[in-house]
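A.B. asks: Below is the structure I would like to discuss, written out as structure tokens.
The values are calculated or read from the model by the stated rules, or taken from the named source; none is laboratory data. Keep in mind the model is a prediction, meaning the values are calculated, not measured. In this analysis, Cβ positions are derived from the backbone assuming ideal geometry, glycine residues included, and neighbour counts consider all displayed protein chains. Just so you know, the surface numbers come from the protein's heavy atoms only, side chains and all, with ligands and any DNA or RNA stripped out. Shrake-Rupley method; radii C 1.70, N 1.55, O 1.52, S 1.80 Å.
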Amino acid sequence: MPLYRHLFFDLDHTLWDFERCSGETLEELFHEYQMESLGDVCAQSFVSTFRTINRSLWLQYGTGQISQQQLRDTRFVLVMNELGLPQTDIPASLTEQYMNRCSRKPHLQPYAREVLDYLHHKYTLHILTNGFDDVQMIKMQSSGITDYFSHIITAQKAGCYKPDGRIFSYSLQLAAADTATSLMIGDSLEADVIGAQRAGMDQVFYNCEGIGHTERPTYEITCLSELMKIL
Ligand SMILES: [Mg+2]
């Protein structure tokens, strides 16, 4: 195994449990805004519809088809459409409330803290995320993981998104790291694994949902605790 010195972690769905934090927030808002009174819809379908639409919007954002603002502006409009609810009934503060509350949720993926505790003694850790500056910092503070990391690199700061090779070169330069001793760890095959592969870095695919694929990441894990065996 190569001697790694720098580990670059993705944040959403890799360390910070986006689905749990987002789901909890959506359920709270659904009940507070009494959305069950708007039509034949329950909190569960609101959460699952949001999840599907949000994923597809993030794919479009990642390929530069839509901007951050468009993603934020259209998310709930599309969810309401899909659920057959009148758009005029979208509470004005829904997007803002969602953004504020969700990023303040503290939930991490299983074993994230144990793994960071173990790794930070042996390696220099960094965050490399396609998320937005304003919310990523809050998520890290809310979940108490900020101090584990030397550099927190966002797509906004770098001016491009994973899997664009330029964000990897930017990160390596900032961290004074080289490809041979760096490892990218993330849950996205396209952004994290293929992106890092093209940039010449080894990669860990965190495939917690066990999706089928034909890529050949350097390592593949289904639980973060496996990192303690690899590294
Ligand atoms: Mg991710």
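A.B. asks: For ARG5 and LEU71, FRET efficiency with R0 = 41 Å and r from the beta-carbon atoms, rounded to 0.05? The partial results should precede the final answer.
C.D. replies: Details: r = 35 Å, r/R0 = 0.85.
Once rounded, the FRET efficiency stands at 0.75.
A.B. asks: Placing one identical point scatterer on every Cα of the stretch 18-102 and ignoring solvent, what is log10 I(q)/I(0) from the Debye formula at q = 0.12, 0.19 Å⁻¹?
C.D. replies: Calculated log10 I(q)/I(0) at the listed q: -0.32, -0.82.
A.B. asks: Mind giving me the nanometre distance, one decimal, between the label points for THR88 and THR146, set 7 Å out from Cα along Cα→Cβ?
C.D. replies: 4.4 nm
A.B. asks: Something else now. Filter the trypsin sites (Lys or Arg not before Pro) in the stretch 50-158 down to the DSSP loop ones having no more than 12 other Cβ atoms within 10 Å, then list what survives.
C.D. replies: Details: sites: ARG51, ARG55, ARG72, ARG75, ARG101, ARG104, ARG113, LYS122, LYS139, LYS157; in loops: ARG104, LYS122.
Hits after loop and neighbour filter: LYS122.
A.B. asks: While we're on this one: Take the Cβ-Cβ distance between ASP117 and GLU190 as r, set R0 to 30 Å, and report the resulting FRET efficiency rounded to the nearest 0.05.
C.D. replies: 0.50
A.B. asks: Indicate the gyration tensor shape class of the stretch 53-152 (rounded, prolate or oblate), computed on the Cα atoms with a ≥ b ≥ c the square roots of the eigenvalues: a/c under 1.5 is rounded; otherwise a/b larger than b/c is prolate and the rest oblate. Intermediate values should be presented prior to the final figure.
C.D. replies: Details: a/c = 2.77, a/b = 2.13, b/c = 1.31.
Cα axes put the stretch 53-152 in the prolate bin.
A.B. asks: Sticking with this one: Within the accessible area of the chain, what % is carbon and sulfur when the probe is 1.4 Å and the other protein chains stay in place? Walk me through the intermediate numbers first.
C.D. replies: Values: 5300 of 10810 Å².
That fraction is 49 percent.
A.B. asks: Among all the lysines, which ones have a C-alpha under 19 Å from LYS139's C-alpha, if same-chain residues fewer than 8 places away are not counted?
C.D. replies: Straight-distance partners of LYS139: LYS105, LYS157.
A.B. asks: What distance in nm separates the simple spin-label points at CYS42 and GLN173, each placed 7 Å from Cα in the Cβ direction?
C.D. replies: 5.3 nm
A.B. asks: Run the simple label-point estimate for SER56 and MET137 please: 7 Å along Cα→C-beta, distance reported in nm.
C.D. replies: If labels sit at SER56 and MET137, their model points lie 3.4 nm apart.
A.B. asks: Run down the lysines and flag those whose C-alpha is under 20 Å from the C-alpha of LYS122, throwing out any fewer than 8 positions away in its chain.
C.D. replies: Cross-link targets: LYS229.
A.B. asks: What's the center-to-center distance, using Cα atoms, between the stretch 186-231 and the stretch 11-63 in Å?
C.D. replies: Result: 25 Å between the Cα centres.
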